Amino acid sequence: MNNHSDLTSSNSAASCRRSEEEILGCVPGASLEDLRMAYLRLAKQYHPDKTGGGKPGQEFLDIQLAWETIVKRTEVKRKEESAAQSVDLDEMAYDEVRDAYTHPCRCGDLVVVPGSALEKNLAVFACPSCSLKIRVEYEEIGEEEG
Ligand SMILES: [Zn+2]
């Protein structure tokens, strides 16, 4: 199914803008450590002190901006991961048909927490429709009295 090679050439809007990784000479998905090393190396190479002019060149600015963008992106991701909202299991509705606890999300969708996931001590669940994550607070289950 590779006979549609003209698809990429028609998509020039996306390819003319280099990704931050490319600007730093790294492959997409490179580790933060690799990117940091590449940034330091390039920043040294293109530093105004080295190139003479006294004014930072476009290449130097691009490198700086690329690294700042990567750092910001990483921080946002970290924040999102730690920003999971705590929800007490007792406050969640239990859906017998699904054998799952549900939590109504602010976006209107339902965060579904399967009973089997709780048995595996999983605690953080994401909404299928937005970026919300909830951390389910509960006592260990398994000692049900009936
Ligand atoms: Zn949602």
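The values are calculated or read from the model by the stated rules, or taken from the named source; none is laboratory data. All figures in this text were calculated on a predicted structure; none of them were measured in a lab. Ideal geometry is used to build each Cβ from the backbone, glycine not excepted, and the neighbour counts take in all protein chains shown.
Which residues, counting only those in segment 23-63, are within 20 Å of the chain's Cα centre (by Cα) and loosely packed, with under 13 Cβ neighbours inside 10 Å? Passing the criteria: Val27, Pro28, Gly29, Ser31, Leu32, Glu33.
Within segment 129-140, the presence of at least one residue that is within 16 Å of the ligand (Cβ to nearest atom), under 30 Å from Ser19 (Cα atoms), at pLDDT 90 or above and part of a loop (DSSP other than H, G, I, E, B) is confirmed.
If I filter segment 73-124 down to residues being β-branched (Val, Ile, Thr) and over 30 Å from Ser31 (Cβ atoms), which single residue comes out as farthest from the ligand (Cβ to nearest atom)? Before you say what the answer is, go through the steps one by one.
Going through segment 73-124, the residues β-branched (Val, Ile, Thr) turn out to be 74, 76, 87, 97, 102, 111-113, 124.
Still in the running and over 30 Å from Ser31 (Cβ atoms): 87, 97, 102, 111-113.
On the way: Val87: 13, Val97: 21, Thr102: 12, Val111: 7, Val112: 11, Val113: 14 Å.
So the residue we want is Val97.
For the structure I just gave you, tell me whether Ala66 is within 16 Å of the ligand (Cβ to nearest atom), in contact (Cβ under 8 Å) with a residue 12 or more places away in the chain, aliphatic (A, V, I, L, M) and surrounded by 15 or more Cβ atoms within 10 Å (Cβ to Cβ).
Values: within 16 Å of the ligand (Cβ to nearest atom): no; in contact (Cβ under 8 Å) with a residue 12 or more places away in the chain: yes; aliphatic (A, V, I, L, M): yes; surrounded by 15 or more Cβ atoms within 10 Å (Cβ to Cβ): yes.
Considered against the rule, which asks whether it is within 16 Å of the ligand (Cβ to nearest atom), in contact (Cβ under 8 Å) with a residue 12 or more places away in the chain, aliphatic (A, V, I, L, M) and surrounded by 15 or more Cβ atoms within 10 Å (Cβ to Cβ), Ala66 comes out as no.
Every test in (1) exposed (fewer than 13 other Cβ atoms within 10 Å of the Cβ); (2) touching a Lys or Arg at 6+ places or on another chain (Cβ under 9 Å) is passed by Val87 save one, and that test is (1). Taking each residue of segment 93-118 that is surrounded by fewer than 12 Cβ atoms within 10 Å (Cβ to Cβ) and looking for partners that are of a type in the set (D, E, K, R) with beta-carbon atoms closer than 8 Å, six or more apart or interchain, yields Ser116/Asp99.
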